[in-house]
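For reference, the structure discussed in these notes is given below.
The values are calculated or read from the model by the stated rules, or taken from the named source; none is laboratory data. This is a predicted model, so every value here is computed, not measured. Note that we place each Cβ from the backbone using ideal geometry, even for glycine, and neighbour counts take in every protein chain shown. We work out accessible area using only protein heavy atoms, side chains counted, and drop any ligands, DNA or RNA first. Shrake-Rupley method; radii C 1.70, N 1.55, O 1.52, S 1.80 Å.
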Amino acid sequence: MKNIPLPNTPTLEGNLDKKLLLQVAKEYQTPLFVYDFDKIEEYFNQFKLAFSGRKSLICYALKANSNLSVIKKLASLESGVDCVSLGEIKRAILAGIPTYKIIYSGVGKQDYEIQEAIKLGILFINIESKEELLKVESIAKTLNTKARISIRVNPDIDPQTHPYISTGLKENKFGIGVEEAKSLYLYAHKSESLEPIGIHFHIGSQITKLQPIAESAQKIAQLLHSLLALKIDIKFFDIGGGLGITYKDETTINPYDYAQSILECLRGLDVTIICEPGRFIMGNSGVFLTQVLYEKISQEKRFVIVNGAMNDLIRPSLYNAYHKITPLNPREGELAPTDIVGPICESGDYLGKNIALPPLKAGDILAILSAGAYGFSMSSNYNTRPRCAEVAISQGKARLIRKRETFEDLIALEKDYL
């Protein structure tokens, strides 16, 4: 039966309604990240249902949000994970993800990380270059074992997304061209220390058009056919992630249509499909709450200064990304274009520009929507600002899942060396 998706759009409803968010802001203070764990489950299940007719493994992209409680929630839903560091692998295991559901990706794996990943017995390591392939082989040989690998193939197809999050073109640092990948598979097949079991592509993030994904899948499926003809036993077809969400007015991809386009390419092939959603699961499952400090009119320009900043939510500054911003304390009055800015000593410290907002007063709470993915995970301590607390809401009940950092936390690794 066709899977009709829930709307993956920024809304304040259900667990994230205004009244509850105001209560949470009062109890846990701001700035603050809040996640709806019921929505996380709903968005995860959309992917699971879309591929339910075939052997599949949904591997949540941990980089989107690596809070241990978030991972534990996904583990309870039988999710796997896609990791890009040994630290992420260790987080996943600590939160209950089985090692046989862990993929290790990324272009800069260090020797100790590769060694530990092999020892842990994860599903496979995604290879990004010939040099990395030889390094993994050498380490596996030293360990007197075989390393399970997949090769990330760069299909050289434009994902039609922001250039900073495009990964599938030849000018990007990720992956290996089709012909080189074929020769590396042949090498790995003959190696006594490598076991090639997967093939992988990932062309970018926040993709809202199906055609680039379908074209990439078709191209990599052709390579898969040729590898199987050479008796290279590829068991996993890893299609990466990248499905976009609605931040403003984007038209997004139906997960069912997404799955069908992949399945069409794999007709007649007995492989397990792996996909790696991150933003799709977390983006619109979370909000960022911040408090108004002042309003400032400067040369007819309206600024609202808040206690949240670019160190908390860097996407607007880094990508010029749009996030819907909603006051939780409704006030009557004319809407006016407003820049929402923080305390950081940078002109790029803003959470929104030219956002139509009503009059606001000190103490009012603003909800920055679509902040569940790449919010806290990209945050920093710039200007010696403690990172936020994180709160989970499930069935209307809130609980703390990461306490707010303190000044003592920030100097803990330094003060002994004064």
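Things worth noting here:
- If you go through segment 56-79 and pick out every residue that is in a strand (DSSP E or B) and among the hydrophobic types (A, V, I, L, M, F, W, C), you end up with 4.
- If you go through segment 308-320 and pick out every residue that is buried (at least 18 other Cβ atoms within 10 Å of the Cβ) and either assigned to a loop (DSSP other than H, G, I, E, B) or of a type in the set (A, V, I, L, M, F, W, C) (or both), you end up with 7.
- Under the condition of being open to solvent by less than 10 Å² (accessible area, probe 1.4 Å) and hydroxyl-bearing (Ser, Thr, Tyr), the residues counted in segment 204-237 number 1.
- Answer residue from segment 322-350, given it is on the phi < 0 side of the Ramachandran plot and among the small types (Gly, Ala, Ser) and is surrounded by the most Cβ atoms within 10 Å (Cβ to Cβ) among those: 342
- Considering 118, 89, the condition of being farther than 17 Å from residue 277 by Cα and open to solvent by less than 40 Å² (accessible area, probe 1.4 Å) is satisfied by 118 alone.
- All positions within segment 377-418 that are open to solvent by 40 Å² or more (accessible area, probe 1.4 Å) and either within 20 Å of the chain's Cα centre (by Cα) or among the aromatic types (Phe, Trp, Tyr) (or both): 377, 378, 380, 382, 387, 402, 407, 417
- Answer residue from segment 220-251, given it is among the hydrophobic types (A, V, I, L, M, F, W, C) and in a loop (DSSP other than H, G, I, E, B) and is nearest to residue 82 (Cα to Cα) among those: 239
- Qualifying residue in segment 20-29 (condition: open to solvent by 30 Å² or more (accessible area, probe 1.4 Å) and free of Cβ contacts under 8 Å to residues at least 60 places away in the same chain): yes
- Residues located in segment 317-333, provided they are under 25 Å from the mean Cα position of the chain (by Cα) and under 14 Å from residue 31 (Cβ atoms): 323, 325
- Residue count for segment 114-165, restricted to those that are touching a Ser or Thr at 6+ places or on another chain (Cβ under 7 Å), modelled with pLDDT of 95 or more and in a helix (DSSP H, G or I): 5
To keep it simple, each residue is scored yes or no on (1) over 23 Å from residue 69 (Cβ atoms); (2) of a type in the set (A, V, I, L, M, F, W, C); (3) assigned by the TED database to the domain that holds residue 277.
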{"site": "299", "(1), (2), (3)": "yes, no, no"}
{"site": "305", "(1), (2), (3)": "yes, yes, no"}
{"site": "324", "(1), (2), (3)": "yes, no, no"}
{"site": "380", "(1), (2), (3)": "no, no, no"}
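- For segment 76-97, the count of residues that are closer than 19 Å to residue 371 by Cβ and either within 16 Å of the chain's Cα centre (by Cα) or modelled with pLDDT under 95 (or both) is zero.
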